[in-house]
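**Student:** Below are the structure tokens for one structure; questions will follow.
Values in this text are rule-based calculations from the coordinates and carry no lab data. Since the model is a prediction, treat every value here as computed from it, not as a measurement. All Cβ positions, even for glycine, are placed from backbone atoms using ideal geometry, and neighbour counts span all protein chains on display.
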């Protein structure tokens, strides 16, 4: 086909520009757009570029692999630049301090993440062969590179390809069986098949595999719809939730001189009466505030304890994000922790869970002392950064099931959201996405948090400063939500967890390993057959 030959034959800057454009176009599959069918064009474009790397074979194997790496990097750079540009908004919160870093952050992160795509393209090219078999190599290699992106250097599995179709709730149900990495595998495999339409031959030779992929996709949708239909929403009618979403601008939220106004804002919202809770807080058992709610250290401000005790009825437990001071753990030097605090109606702290997975350059700097000596600081501007909690543990709550406490982006790591020990009753995610304003970032964060409910069979209770706050049942249905930028309260009973945990969190690794191994073997066998024919 002429189009396929044209793409394969691209060279130099045209090849890189086409790869970046294909990656940027594929970013439309991410939230809030959710146009995941575009991957059926983006992935074939990448396959053709890797095909074209074979033209460099005449200059040697190294040249061929470099051409493949360049194609993969270009695609990845376009994809991440178009889907992660919003991270730059965080550098404008204190523009006088951080604005000069905005171009570096907006370009450096996509460039670094694109290296994983380059690795995927190199691995794929090593297993490459003509015809449909090369799609097996493509799928296996990029699944491995995506998994590595989610784990290397603390990991950043943001906008992994499997999240594309997962924007459709019926298709997201597959995460209960194969998890995010299994969804990523099948997304790569199914959405790369349209490239076969561009080869020579009759209708069935060209369209057979794409039609089979479409049938698999339809079957997955039907199975997901059936699962949703036969899984009724159940609630714990003794656990009455209220989430407070203040929608405070970031500059005001962290202003120490406005600390009393901020707390008054929280309490005014929290004590409102609603249709579900006509007596206000007297009908509530768990009141939940977002991450880093206080612009102060709670123990240093006794007036805050008195104000909370005055406002809360005896039946209410307050769960809030709050920075705290404590002894540094072994190997760390900072006394500051990003934490979740559980308080009774007298304002007394009953329990605390510290954030374990900190955000690089947001909550700490790699080589902290050296970079601070150079004059750099993380976005939170806490001297010395935060210390990480030692382990994720269940958070006991009076009158409610224990929660899995997850602060900010801790919720995006599949298979790593549950504490060791007894299974908790729900996922509790406190976050502050105000850093990123009205951009795609908060929508992407919420989509990823919602997929954890399906993987684990646990409901999600999510409180965000500016949104999206939500209560989600264990199959991903949104029970109630507050939109991005909306100021208000969110009331609902706590959804019940599924009685039998889905296998997704542990089976996904087994399935992914076996499928990747088998796919690689198929690709290797195809290569050997090809070389045999050439001999």
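**Student:** I need to check one value: relative contact order of the chain, counting alpha carbon pairs closer than 8 Å and at least 6 residues apart, in percent.
**Tutor:** Working: 1109 pairs, mean separation 83.3, N = 535.
Relative contact order for the chain comes out at 16 percent.
**Student:** Right, here's the next one. Return the percentage of antiparallel bridges among DSSP beta bridges fully within region 235-497, rounded to the nearest 5 %.
**Tutor:** 65
**Student:** I would also like to ask the following. Taking 0.36 nm per intervening residue step and subtracting the Cα-Cα distance, what contour gain separates residue 223 from residue 256 on full extension?
**Tutor:** 6.7 nm
**Student:** Moving to a separate point now. Could you state the per residue volume, in Å³, of the convex hull enclosing the Cα atoms of the chain?
**Tutor:** Each residue corresponds to 154 Å³ of Cα convex hull volume.
**Student:** Short version: what are the Cα gyration tensor semi-axes of region 393-447, square root of 5 times each eigenvalue, largest first, in whole Å?
**Tutor:** For region 393-447, the ellipsoid semi-axes come out as 25, 12, 8 Å.
**Student:** I've got another one for you. If each of residue 303 and residue 3 carries a label point 7 Å out from its Cα toward its Cβ, how far apart are those two points in nm?
**Tutor:** 6.7
**Student:** Using only Cα atoms, what Kirkwood radius does region 7-57 have, in angstroms?
**Tutor:** On the way: mean 1/r = 0.0880 Å⁻¹.
Averaging 1/r across every pair of different Cα atoms and inverting gives 11.4 Å.
**Student:** Same structure again: Note the per residue figure in Å³ for the convex hull of the C-alpha positions in region 263-302.
**Tutor:** Enclosed volume per residue, from the Cα hull, is 94 Å³.
**Student:** Length gain on complete extension for the stretch residue 55 to residue 276, per 0.36 nm per residue less the alpha carbon to alpha carbon distance?
**Tutor:** Residue separation times 0.36 nm, minus the Cα-Cα distance, leaves 72.9 nm.
**Student:** Oh, and also: Divide the volume of the convex hull of the Cα atoms of region 235-497 by its number of residues and quote the answer in cubic angstrom per residue.
**Tutor:** 121
**Student:** Provide the packing ranking of 415-428, 454-467, 164-177, 140-153, i.e. peptides ordered by the mean count of other C-beta atoms within 10 Å per residue, highest first.
**Tutor:** 454-467, 164-177, 140-153, 415-428
**Student:** Still on this structure, please answer the following. Hey, could you pull the Cα Rg and Dmax for region 220-358, both in Å?
**Tutor:** When restricted to the Cα atoms of region 220-358, Rg and Dmax are 18.2, 56 Å.
**Student:** At a Förster radius of 25 Å, what calculated FRET efficiency corresponds to the Cβ-Cβ distance of residue 35 and residue 214, to the nearest 0.05?
**Tutor:** Once rounded, the FRET efficiency stands at 0.90.
**Student:** Report the far tail of the P(r) of region 235-313, meaning the percent of Cα-Cα pairs longer than 16 Å.
**Tutor:** 53
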